[in-house]
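The values are calculated or read from the model by the stated rules, or taken from the named source; none is laboratory data. The structure displayed is predicted, hence computed values, not measured ones. Cβ: placed from backbone, ideal geometry, glycine included. Neighbour counts: every protein chain shown. Keep in mind that these areas ignore ligands, DNA and RNA; they rest on the heavy atoms of the full protein, side chains included. Shrake-Rupley method; radii C 1.70, N 1.55, O 1.52, S 1.80 Å.
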Amino acid sequence: ELGEAMAILNGATYIFAVFGTLFITVACAAGTYVAVGFWPFADPSSMFFVQDPLAAAVLAVLVALPISLAFMDVFDMASDTLLYCYGVDLHAGKDDHHAPLALRDLLTRYGHDTGHDTGHGEHG
């Protein structure tokens, strides 16, 4: 009964995880590239001198990518778990007053009556 709405939400969280992974990885690479342009990394007399900023940024990508994948995978799994628990609660007839208004609107739109007014004046 909730399958279609849950599939949409699951797809949305997957897309969020993909873009989150890309954002984290690119931000780390860009931050590294910018950081190596300042002292002590840009000073040739420093023992921390970085001769090739692009190589440092590529190394940052190689480190950030698996870390951001793991983080966003945990995020995706946690959001899927919350959606699953919400669906089980609705199926069992429990109250959904803790659910965000947008989630209730989506479920109402796809054929499941949550039993609450989904007017946009409500803060839930």
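Descriptive notes on the structure:
- What you get for the chain, charging only the Cβ of Lys and Arg (+1) and of Asp and Glu (-1), is a dipole of about 420 debye around the Cα centre.
- Rounded to the nearest 0.05, the FRET efficiency derived from the C-beta distance between A70 and T108 at R0 = 35 Å is 0.50.
- FRET efficiency for L82 and A30, using Cβ-Cβ distance with R0 set to 22 Å, rounded to 0.05: 0.10
- The GNM of the chain, with springs linking C-alpha atoms under 10 angstrom apart, assigns the highest mean-square fluctuation among A42, A56, A64 to A42.
- The chain, relative contact order in percent, only Cα pairs under 8 angstrom and at least six apart counted: 30
- For the residues P53, P66, P100, a GNM of the chain with alpha-carbon springs under 10 Å puts the largest fluctuation on P100.
- Computed from label points 7 Å out along Cα-Cβ, the spacing between F49 and N10 is 5.6 nm.
- Ligands, DNA and RNA left out, the 1.4 Å accessible surface of segment 1-74 is 79% carbon and sulfur atoms.
- Cα-based helix-to-principal-axis angle, 3-35 vs the chain, degrees rounded to 10: 20
- Seen against the Cα atoms of the chain and their longest principal axis, helix 53-91 is set at about 10 degrees.
- Per-pair calculated FRET efficiency, R0 = 30 Å: L22 and A42 via Cβ, rounded to 0.05: 0.60
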